[in-house]
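Let me begin by presenting the structure, written as structure tokens, before commenting on it.
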Amino acid sequence: MSAHPSLNHTRLEGEYEDLLGLWSDLESGLSVLLSRPLQVQDFAAKVRQFDSWLQDLVAHDIDAALYLMFQLAGTSTVGYSTSHALVCGTLCHIMAQELKLSRQERDSLVRAALTMNIGMTALQDVLAAQRERPTPAQQEAIRSHPEESQAILERLFVADALWLEVVGQHHANVADRVPLADQEPVDRLSRILSTIDRYAAMISPRKSRAGRSATDSVRAIVGQEIDQRDEVSYTLVRSVGLCPPGTFVKLDNGDTAIVLRRSDKANHPLVASLLDQDGQHHAEPSLYQTSSGKPRIQSALARSAVSVELNHRTMVRLGLYAAQHSTRLRDLVTRPGSL
């Protein structure tokens, strides 16, 4: 549900204050759920509530959701396990829509994404802040966490067998060139979740390394060329883009920009230029619809390569305003900062 183009600026601003606050509340609530699951009454029902909340927020504005998720994944190691779960759950929800999964499979997939690492929540947060290689004991906990997570969910009376199986197999090797429609549900969903899990992990920073750019993350998983036979990776790129909302790019005019929204033309998103070629801040962001010509995206950038503080509320509202007033983009391109 997107805001109607006739909304005045004051109402639009209030609406997006509420939206971003709701995303923050969702993350905070999920953190409590995942960190102390055995203390939660009717755990499965709580997960379903968070899933419903996530669906509502994505339905409100999918580009705003992607912007927030990629910023969340790329900017902080605090509460890594929760932010990773929320990124994976959001991307799995979007992928389920793109792949036209049944409602049952979609529900099992997203709930598995939210809970797949529940057997190592605290350890995952420790590892994100740890510069040293995992110890042998940590390596064993990492290896066994799918089975441990499944066992905890069974103790919490999760009755969805597919949800449980996908959690238990989300690191299993599943053929990635077999048509998804020809695979058993557990293999199909495990394959989707495994790809999303690796992709989200690569773009997220650790103390031991910076996160990769979204583009590099996709190519690390599937190679330099996105193969249409790998339905999951191909659908991921098709649905969120090589440079999704919330990621940074270098433009061919030397500017550094952030992607605000996807466009009808694949991999040619709406961007806001933040820094000039000398790394100096623009007085105001300059909006460019890259699908209409110059400037073009030259390369994707990892978050660690960009030293800029962002007001996410402003960026999300700017993207929505531009999308609703797309006829003005020609002016915005020729008169930067005119918004």
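Key figures
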read-out	value
Residues W23, W53 arranged by fewest to most Cβ contacts within 10 Å	W53, W23
Residue-count net charge about V87 - beta-carbon cut-off 11 Å; Lys, Arg +1, Asp, Glu -1	-2
Cut-off under 5 Å, modelled amide H: who pairs with Q298 long-range	K250, L251, D252
Ranked I142, I203, criterion: other C-beta atoms within 10 Å, fewest first	I142, I203
Cα centroid separation - the range 105-160 against the range 41-104, whole Å	17
Candidate aspartates and glutamates - alpha carbon under 18 Å from K250, same-chain residues fewer than 8 apart omitted	D216, D276, D278, E284, E309
By average C-beta atoms within 10 angstrom, highest first, the peptides 189-202, 99-112	189-202, 99-112
Translational diffusion of the range 248-334, µm² s⁻¹ [Kirkwood Rh, Cα pairs; Stokes-Einstein; 20 °C; 1.002 mPa s]	166
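No lab work stands behind these numbers, since they all come straight from the coordinates. Not measured: the values here are computed from a predicted model. So basically every Cβ, Gly included, is an ideal-geometry build from the backbone, and we count neighbours across all protein chains shown.
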